[in-house]
1. For PHE204 paired with THR77, estimate the spin-label separation in nm (one decimal), with each label point 7 Å from Cα along the Cα-to-Cβ line.
2. From the C-alpha gyration tensor of the stretch 179-221, pull out the three semi-axes of the equivalent ellipsoid (sqrt of 5λ each), sorted largest to smallest, in whole Å.
3. Got a number for the accessible area of GLU248? Probe 1.4 Å, square angstrom, nearest 10.
4. Compare PHE212, PHE127, PHE204 in a GNM of the chain, Cα atoms joined below 10 Å, and give the one with the largest fluctuation.
5. Provide Rg and Dmax in Å for the stretch 8-50, with only Cα atoms included in the calculation.
6. Rounded, prolate or oblate: which fits the stretch 11-119 when a ≥ b ≥ c are the square roots of the eigenvalues of the alpha-carbon gyration tensor, with rounded for a/c under 1.5 and prolate only if a/b beats b/c?
7. Residue-wise, which Karplus ³J(HN,Hα) couplings in Hz belong to the stretch 181-188, taking 6.51 cos²θ - 1.76 cosθ + 1.60, θ = phi - 60°, and x for glycine or proline?
8. Subtracting the Cα-Cα distance from 0.36 nm times the residue separation, let me have the gained length for LEU226 to LYS251 in nm, one decimal.
Amino acid sequence: MRKTEKLNREDLGVLVLAAGKSTRIQPVSGGLPKPLLPVEGKSILERNLSWLVSSAIESVWINLHYRAEEIQQVIGTGENLGLKVSYSLEPEILGTAGAYKNLEQHWQGTTLVIYGDSLVCFDLAKFLAAHQSSEAVATIALFDQNTHHHTAIAGGRVILDENGRITSFTEMAGTEETSPSTLVNAAVYLLEAEVLKMIPKQTFYDFARHLFPQMLAAGYYLQGYLIDGYCLGLDTPESYAKAMSLIETGKVKLA
C-alpha cells in the first residue's frame with residue numbers, strides 16, 4: 001500500500017494534455033485550439049486548471065503542439081490561476097502516452113494525467129486515495145453512461161471485475177454502442193513511474209489505443225474508478241452543443 005499525507009505532495013507530478021490539432025471541432029472553433037473553447041466565460045483549459053488548483057495542486061506541465069503560442073498567451077505562467085505552469089513543446093505530436101514519456105525525467109512517483117480539452121470535475125482526493133490503497137500501477141477514472149450526464153462521445157469502454165480491476169479496455173469509434181459495458185474512460189489517470197518503461201521514446205503512442213491494452217495483455221493491474229462529478233467530451237460540434245445544453249439547463253453544474 002502506498003503512503004502519502006496530502007494531495008499536493010512534491011512527488012505527485014501533473015500533466016495536462018493540450019497538444020491535439022482539434023480537427024473535428026473546427027466548424028465551432030474556427031481553428032482555435034480546442035482547450036481554448038469558451039464555456040460560460042472561461043476556456044475549457046482554464047476551468048480544468050482551476051479545478052486542479054481547488055484540489056490543492058500547485059504546479060503542472062502542459063504539452064503543446066497545435067497553435068501552442070495561443071495557449072501560452074492565455075495561460076501564461078499560471079500565476080493568475082494560482083499555480084505554476086511549465087510547458088513541453090512537441091514539434092512532432094507524440095500522442096497522449098508519448099507526451100508522458102517525453103517528460104520522463106520529471107516523474108518520480110505517481111503522476112496525474114488529465115486531458116485539457118474535456119470538461120471535467122470530480123473529487124481528486126478520493127481518486128488519489130483509491131489509487132494509493134490499491135496495488136494498481138494505473139487507475140483510470142470512469143463515468144457510467146447510464147448514470148452520468150454525458151455528450152454521447154464514447155471513447156474507451158471498460159469492463160471491471162467485482163473488485164474494480166479492469167479486465168477489458170476497448171477503444172470505441174464515435175458514438176458506437178456495441179460494447180457490453182456502459183463504463184467509459186474519462187481520460188483522467190493516475191500512473192506509477194514503472195508504466196514509463198512500456199512506452200517507446202519519441203514515438204506516437206496513445207494511452208487508450210496502445211498502452212492500456214498492452215498493459216492488460218502483459219498482466220498489469222489497472223484499476224477503474226467511477227467518478228462522482230462530470231466529464232464532458234467536446235470533440236465535435238454536436239458534443240459541444242450537447243455540453244452547453246447540459247450546462248445551460250442546470251443538469252451539469254460547473255464548479
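The values are calculated or read from the model by the stated rules, or taken from the named source; none is laboratory data. Given the structure is predicted, the values throughout are model-derived calculations rather than measurements. Reconstructed Cβ throughout: ideal geometry from the backbone, glycine too, with neighbour counts over all protein chains shown. Calculation scope for accessible area: heavy atoms of the full protein, side chains included, ligands and nucleic acids excluded. Shrake-Rupley method; radii C 1.70, N 1.55, O 1.52, S 1.80 Å.
1. The answer from the label model is 3.6 nm.
2. Details: eigenvalues 80, 30, 26 Å².
Those come to 20, 12, 11 Å.
3. 140
4. PHE204
5. In Å, with Rg to one decimal and Dmax whole: 13.0, 41.
6. Details: a/c = 1.88, a/b = 1.22, b/c = 1.54.
Oblate.
7. Karplus values, whole Hz, x for Gly and Pro: 10, 9, 7, 10, 4, 8, 6, 10.
8. Details: separation 25, 0.36 × 25 = 9.00 nm, distance 1.87 nm.
Length gained between LEU226 and LYS251: 7.1 nm.
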